[in-house]
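The values are calculated or read from the model by the stated rules, or taken from the named source; none is laboratory data. Because the structure is a prediction, the values reported are computed rather than measured. Positions of Cβ are generated from backbone atoms using ideal geometry, with glycine treated the same way; all protein chains shown enter the neighbour counts.
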Amino acid sequence: MAIQIAARFRFAEDWYRAAPLVGLVLAYYAVLRSVLRAQPELRRCRVRCRHCGIFFLTHPRNAGRQDLRCPFGCRQAHRRQQGNQRTAAYYREEAGRDKKRNLNAKRRKTPASRPAAPLPAPGPSAASAPPADGLPAAWPRTMLPYLQMVSGLIEGRPVSREEVVAMLRRALRQHRMVRTRRRDHTVAWLHAEPP
């Protein structure tokens, strides 16, 4: 569920309360409550995202902190936003303006006609190769460390990245439709996710 929620992330407050995500987030909250009921010692690890307000589990060393952002996307978006602000502030200073001026001057000094680059050798390209971890390209990779940490907390043992990937591949593989006509499946899908 966490992977599916992260795949639909938007950097906005209350993003998880939008119509298509509400059911998925409610199911996530039900699982979170059942985990906390089964393992009450993890209750102190439940925190609320500072930006969007969604609940999630954090590492015990971060328990009780109020300044954490959720792993669904707020962390990465905030980090990117802060990096852009640092870059803009640097280029507003005299040293940054000088550096940018020098970089632009180097760019203008390059010859107009460049020698042709050699053609790559034929073979499978890196872009067409499947990701090394075996997960579909659309899945957010930033969730893997979080899922590894949460799985370790729940199971009470260290969980490797390979175990998390194998678990995700098993849990999220496409199942074949049993005793359902194609038309019925399409109608159910359209009701679940209207255009």
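For region 36-48, name all the residues that are without any contact (Cβ under 8 Å) to a residue 40 or more places away in the chain and either touching a Leu at 6+ places or on another chain (Cβ under 7 Å) or of a type in the set (F, W, Y) (or both). Walk me through how you get there before you give the answer.
Going residue by residue through region 36-48, those that are without any contact (Cβ under 8 Å) to a residue 40 or more places away in the chain are 36-38, 40-41, 43-44, 46-48.
Across region 36-48, the qualifying residues are L36, R43, R46, V47.
Give me the residue from region 80-112 that is among the small types (G, A, S) and in a helix (DSSP H, G or I) and, out of that set, surrounded by the most Cβ atoms within 10 Å (Cβ to Cβ).
Let us first name the residues in region 80-112 that are among the small types (G, A, S), namely 83, 88-89, 95-96, 105, 112.
With the extra rule that they be in a helix (DSSP H, G or I), the set shrinks to 83, 88-89, 95-96, 105.
Details: G83: 10, A88: 10, A89: 10, A95: 9, G96: 14, A105: 9.
Residue satisfying both the conditions and the ranking: G96.
For the list (1) of a type outside the set (D, E); (2) under 19 Å from the mean Cα position of the chain (by Cα); (3) over 15 Å from M143 (Cα atoms), I need the number of the one condition that Y28 fails.
Status for Y28: all satisfied but (3).
Take A77 and decide whether it is in a helix (DSSP H, G or I), exposed (fewer than 10 other Cβ atoms within 10 Å of the Cβ), at pLDDT 85 or above and not acidic (D, E).
Working: in a helix (DSSP H, G or I): yes; exposed (fewer than 10 other Cβ atoms within 10 Å of the Cβ): no; at pLDDT 85 or above: yes; not acidic (D, E): yes.
No, not satisfied.
Note down all Cβ pairs under 7 Å where the first residue falls in region 1-30 and is free of Cβ contacts under 8 Å to residues at least 40 places away in the same chain, the second is basic (K, R) and part of a loop (DSSP other than H, G, I, E, B), and they're at least six residues apart or on different chains.
Qualifying pairs under 7 Å: L21/R8.
When you look at Q4, is it assigned to a helix (DSSP H, G or I), of a type in the set (S, T, N, Q) and over 30 Å from L103 (Cβ atoms), yes or no? It would help to see each step written out before you state the result.
Details: assigned to a helix (DSSP H, G or I): yes; of a type in the set (S, T, N, Q): yes; over 30 Å from L103 (Cβ atoms): yes.
Spelling it out, Q4 is indeed assigned to a helix (DSSP H, G or I), of a type in the set (S, T, N, Q) and over 30 Å from L103 (Cβ atoms).
Residue under question is R50, and the condition is that it be surrounded by 13 or more Cβ atoms within 10 Å (Cβ to Cβ) and either under 20 Å from R65 (Cβ atoms) or charged (D, E, K, R) (or both); does it hold?
It is true that R50 is surrounded by 13 or more Cβ atoms within 10 Å (Cβ to Cβ) and either under 20 Å from R65 (Cβ atoms) or charged (D, E, K, R) (or both).
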